[in-house]
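Trainee: Take a look at the following structure, please.
Each reported figure results from applying straightforward, stated rules to the coordinates on display, with no laboratory input. What you see is a predicted model, and the numbers here were worked out from it, not measured in a lab. Every residue, glycine among them, receives a Cβ derived from its backbone with ideal geometry; neighbour counts consider all protein chains shown.
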Amino acid sequence: MDGLTTESRNQVLRTSIFNMRHTIESAQPLTFYGDYDQGSNRLRYATANNLIIVTFYGTTSKGRLLISARDVLKARADVSRRFRLDDDIKSIYDEIRTDRIIASAISKYRGMRVTLNDPWETTLCFIISQFNNIKRIRLITRNILERFGITIYDNNGMPIAKALPTSRVLAEAAVKDLMGCGAGFRAKYIKEAADYCTNNLDLYAIGGLDYDNLKGELMKIKGVGDKVADCIALMGYGKLEAFPIDVWIKRTLERHYFKNRKKSIKELHRFAEKRWGRYAGFAQQYLYHYGRNLGR
């Protein structure tokens, strides 16, 4: 069963207003390293010591997640936290549905969740994402995982998966080896970020900071600018007021809210804060996915 032993157990999580496909395809960390099969609606991903297989059954309105893992209780907790299943998504929709654009995005991608991931995992994924497309990001991430990842074994001692490497592992990697994974100019930033997050910044100790101070700490990491810091704050720490702005979001906001007038990043941040407030990050993810697919 996908590398799991007969000692594995299953757990079920009930869901409402949840769509796995939209969530996985919306360029969040699991997009980059998880294995998702659209036909079976099944996701396979690894944490530091657990291979987790999640299969969705039902409809967006009402469904269930079947979770399989060696340590199924930890897997259940990880899935619930990662997909933010405790969020009152209906109330969030009511608060961010301010106009026909966001209403259209919610209607089209109803059930898409903003995920909550490991801070280092999120940092690594979004450094790789800079000036990149999803196919290429996934290739680089998978190469790094294969070369430097943490091997996970089943109860019989057989390797069944690899989890993303820790910052310490990549801090000790050679830049040329990271370049060999296809990282290009990002290789230097990956190594420098890994070194900084191993020796200078404890990513797991700063989660209690407010959004502004957290973002400031993240931007001390070389290679982490405004957009990547917001991605990490949003998807690595659950700061739902964070509003990452990349070319797709900038284009979507200018087109639909400013009649194609060019606006600065600072102006767009102020606009998002005023319009969507504490759930700006949710609005961003829907506008991003909507605008990117519309742009295609």
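Trainee: When the residues of segment 136-186 are filtered to those that are over 20 Å from the mean Cα position of the chain (by Cα) and among the small types (G, A, S), which remaining residue is farthest from N50 (Cα to Cα)?
Mentor: So the residue we want is G184.
Trainee: Further question: Any idea how many residues of segment 147-180 are surrounded by 15 or more Cβ atoms within 10 Å (Cβ to Cβ), more than 22 Å from P119 (Cα to Cα) and out of contact with any strand residue (DSSP E or B) (no Cβ under 9 Å at 6 or more places or on another chain)?
Mentor: Residues meeting the conditions: 2.
Trainee: Looking at this structure, is S26 touching a His at 6+ places or on another chain (Cβ under 8 Å) and over 26 Å from T151 (Cα atoms)?
Mentor: Numbers: touching a His at 6+ places or on another chain (Cβ under 8 Å): yes; over 26 Å from T151 (Cα atoms): yes.
It is true that S26 is touching a His at 6+ places or on another chain (Cβ under 8 Å) and over 26 Å from T151 (Cα atoms).
Trainee: Cβ-Cβ under 6 Å, sequence separation 6+ or interchain: first residue in segment 216-234 and over 13 Å from V114 (Cα atoms), partner of a type in the set (G, A, S) and outside any loop (DSSP other than H, G, I, E, B). Which pairs?
Mentor: L218/A229; M219/A229; I221/A193; G223/A193
Rundown of residues vs (1) among the acidic types (D, E); (2) in contact (Cβ under 8 Å) with a residue 60 or more places away in the chain; (3) on the phi < 0 side of the Ramachandran plot, yes/no style:
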site	(1), (2), (3)
A27	no, yes, no
T59	no, no, yes
R64	no, no, yes
A75	no, yes, yes
R81	no, no, yes
I101	no, yes, yes
G111	no, yes, no
L116	no, yes, yes
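Trainee: Which ones in segment 240-265 are in contact with a helix residue (DSSP H, G or I) (Cβ under 9 Å, 6 or more places away or on another chain) and basic (K, R)?
Mentor: The first filter runs over segment 240-265 and keeps only residues in contact with a helix residue (DSSP H, G or I) (Cβ under 9 Å, 6 or more places away or on another chain), leaving 240-246, 248-258, 260-263, 265.
Matches in segment 240-265: K250, R251, R255, R261, K262, K263.
Trainee: Tell me the residue from E241, E273 that is of a type in the set (D, E) and not in a loop (DSSP other than H, G, I, E, B), please.
Mentor: E273 is the lone residue from the list that is of a type in the set (D, E) and not in a loop (DSSP other than H, G, I, E, B).
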